[in-house]
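For reference, the structure is listed below as structure tokens.
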Amino acid sequence: MHRVRVEVRGRVQGVGFRAYVVRRSRALGLTGWVRNREDGSVEVEAEGSRASLEKLVEDLRAGPPHARVEGVDPRWSEGEARHRLFEVR
């Protein structure tokens, strides 16, 4: 199973970013989670096909209309599936 964990920095809290990630991830058939971090960033872990994960990372770079993404740091890995759906934590 392909997996990516992504830290997204910028104006990404209070702008609907987590809901945007959930919508995009579910549309791409991915499983995993998204959460706000105390430092103001958003963290995402997603699993699925490599092509769908790459598309998600591209979507994270754009973000929803009111977000201002300043940095996206993806970390790729593989392993057994950990998730059955995509959720907000």
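The values are calculated or read from the model by the stated rules, or taken from the named source; none is laboratory data. Remember, it's a predicted structure, so these values are computed and weren't measured experimentally. Here the Cβ positions follow ideal geometry from the backbone for every residue, glycine too, while neighbour counts run over all protein chains shown.
The table for this structure:
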item	result
Output for the range 43-52, where each listed residue is crowded, with 18+ Cβ neighbours inside 10 Å and either in contact with a Phe, Trp or Tyr (Cβ under 7 Å, 6 or more places away or on another chain) or among the aliphatic types (A, V, I, L, M) (or both)	V44, E45, A46
Among (1) under 11 Å from the mean Cα position of the chain (by Cα); (2) surrounded by fewer than 12 Cβ atoms within 10 Å (Cβ to Cβ), the one test that E7 misses	(2)
Lone unmet requirement of (1) out of contact with any helix residue (DSSP H, G or I) (no Cβ under 9 Å at 6 or more places or on another chain); (2) surrounded by 15 or more Cβ atoms within 10 Å (Cβ to Cβ) for R23	(2)
Residues being modelled with pLDDT of 95 or more, basic (K, R) and surrounded by fewer than 16 Cβ atoms within 10 Å (Cβ to Cβ) - total across the range 53-83	3
Subset of the range 1-55 [over 19 Å from P65 (Cβ atoms), in contact with a His (Cβ under 7 Å, 6 or more places away or on another chain) and of a type in the set (G, A, S)]	G32, G48, S49
Positions within the range 33-89 being within 23 Å of Q13 (Cβ to Cβ), in contact (Cβ under 8 Å) with a residue 60 or more places away in the chain and of a type in the set (K, R), in sequence order	R75
Hits in the range 74-89 - residues which are in contact with a strand residue (DSSP E or B) (Cβ under 9 Å, 6 or more places away or on another chain) and part of a loop (DSSP other than H, G, I, E, B)	G79, A81, R82, H83, R84, L85, R89
Any hit, the range 25-38, residues being farther than 22 Å from E78 by Cα and among the acidic types (D, E)	yes
